[in-house]
1. Could you please let me know if B:ALA104 is among the hydrophobic types (A, V, I, L, M, F, W, C), more than 30 Å from B:ALA23 (Cα to Cα), within 11 Å of chain A (Cβ to nearest Cβ) and more than 12 Å from the chain's Cα centre (by Cα)?
2. May I ask you to say which residue of B:ARG33, B:ARG96, B:ARG132 is of a type in the set (Lys, Arg) and at pLDDT below 90?
3. Between A:SER67, A:SER85, which is in contact with a helix residue (DSSP H, G or I) (Cβ under 9 Å, 6 or more places away or on another chain) and modelled with pLDDT under 85?
4. Assess whether B:ASP140 counts as being more than 28 Å from A:LEU154 (Cα to Cα) and out of contact with any Pro (no Cβ under 7 Å at 6 or more places or on another chain).
5. Can you pull out the residues in the range B:72-98 that are free of Cβ contacts under 8 Å to residues at least 12 places away in the same chain and facing another protein chain (nearest Cβ under 7 Å)?
6. Might you let me know whether the range B:67-80 holds any residue that is assigned to a loop (DSSP other than H, G, I, E, B) and within 17 Å of A:ALA150 (Cα to Cα)?
7. Name the residue, out of B:ARG58, B:ARG53, B:ARG69, that is more than 8 Å from every other protein chain (Cβ to nearest Cβ) and over 23 Å from B:GLU142 (Cα atoms).
8. Tell me, yes or no, whether the range A:63-85 has at least one residue that is in contact (Cβ under 8 Å) with a residue 12 or more places away in the chain, part of a helix (DSSP H, G or I) and of a type in the set (A, V, I, L, M).
Amino acid sequence: MNAKNNSCPMQNENAEILLSYCARTLEPEQVIQVEKHLLGCAECREWAAGQQAVWAAMDTWEPEPISADFDAALFARIAATEQPSAWERWTAPVRQFLQGGFGWRPMLSAGAVALTLVIALSIENPFRKEPPVGQSVKLEAHEIEQAERALEDLEMLRQLEAPEEETSL
Amino acid sequence: MRIRLLLVLALAAADLWAQPPMAQQARALEKLRRMAPEEREQALQDMPPARRRMMEQRLERWNRMAPARKQRLQGSLENFRQMKPEDQEHLRGLVRKFNETMPAGKRVEGRRALTHLRKLDPEGRKKFLGSRRMKERFSDGERELLDEMAQSMPD
């Protein structure tokens, strides 16, 4: 490595070797070569001096002392951040759905359960009370037709039964 | 993809939401049965008089039926509704023919024969219809009609 030849790290944009020199991670042979170059190259010498000043400053830097409960307080804050609120937990599938994620699956399951319950209760509602006979009931025109058809077919099926089966009438 | 899935689900829900015809008919009949007489009269006032009278008679008969018989007939109606529409119509036609062509005095015995025929397999039906007693009571056409009715009736 010579200051006047093409092996100058700064001219070849190869500052890594100078960085390693300043970080004291070079092999002894390389250190000798770099130091020989620095004697004859003002630019590299200046650059290396700047780097060494940074390293020196870092060596003398003393971190601020931390409090005794620093770790405990830090872990508590991390836990608080990672624990979603109840609202966030409940709305997570909706937010995932809106963001195009796969959050629709739990929503779909919940929706299907709700729909099944609604349908089941609308068809066979054990809590629905039939109005007593004679109480006001509205009958639509199509319901009259349905009742008429049912009565007609029941009458036909009644006629097909053996007379012995007629326990009343 | 998601929209298509939701659309399919919505259609399936709509299909489920619609009550089956049998349940609709049973509900309509029950509503009609529970109406106050004056309300029923008002509800049926637009019907042609003969049709209305027929419906009122049938409803009255239905109301007077024993619960066990009602239950049995409702079961038969459910089975009847599960038949194909053309088969339902065919059976209606056969019953009309039975009522129109069978002399009134023979109908009671015809119904008894029909009940018995329904319990038999094809071979047993053939034997029963070919028996001397059946031949003495019913004409060829009447026996054919009874056989066809027995085969067409729901369980």
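The values are calculated or read from the model by the stated rules, or taken from the named source; none is laboratory data. Only a predicted model underlies this, so the values are computations on that prediction, with no experimental measurement involved. Ideal geometry is used to build each Cβ from the backbone, glycine not excepted, and the neighbour counts take in all protein chains shown.
1. Details: among the hydrophobic types (A, V, I, L, M, F, W, C): yes; more than 30 Å from B:ALA23 (Cα to Cα): yes; within 11 Å of chain A (Cβ to nearest Cβ): no; more than 12 Å from the chain's Cα centre (by Cα): yes.
So B:ALA104 fails the test.
2. Values: B:ARG96 fails: at pLDDT below 90; B:ARG132 fails: at pLDDT below 90.
Step by step, each of B:ARG33, B:ARG96, B:ARG132 is checked, and only B:ARG33 is of a type in the set (Lys, Arg) and at pLDDT below 90.
3. After applying the criteria, what remains is A:SER67.
4. On the way: more than 28 Å from A:LEU154 (Cα to Cα): yes; out of contact with any Pro (no Cβ under 7 Å at 6 or more places or on another chain): yes.
When the stated conditions are applied, B:ASP140 passes them.
5. The initial filter retains those residues of the range B:72-98 that are free of Cβ contacts under 8 Å to residues at least 12 places away in the same chain, namely B:72-73, B:75, B:84-86, B:88-89, B:92-93, B:96.
Matches in the range B:72-98: B:LEU73, B:ARG92.
6. Among the residues of the range B:67-80, not one is assigned to a loop (DSSP other than H, G, I, E, B) and within 17 Å of A:ALA150 (Cα to Cα), which makes the answer no.
7. B:ARG53
8. Filtering the range A:63-85 down to residues in contact (Cβ under 8 Å) with a residue 12 or more places away in the chain leaves none.
No, every residue in the range A:63-85 fails to be in contact (Cβ under 8 Å) with a residue 12 or more places away in the chain, part of a helix (DSSP H, G or I) and of a type in the set (A, V, I, L, M).
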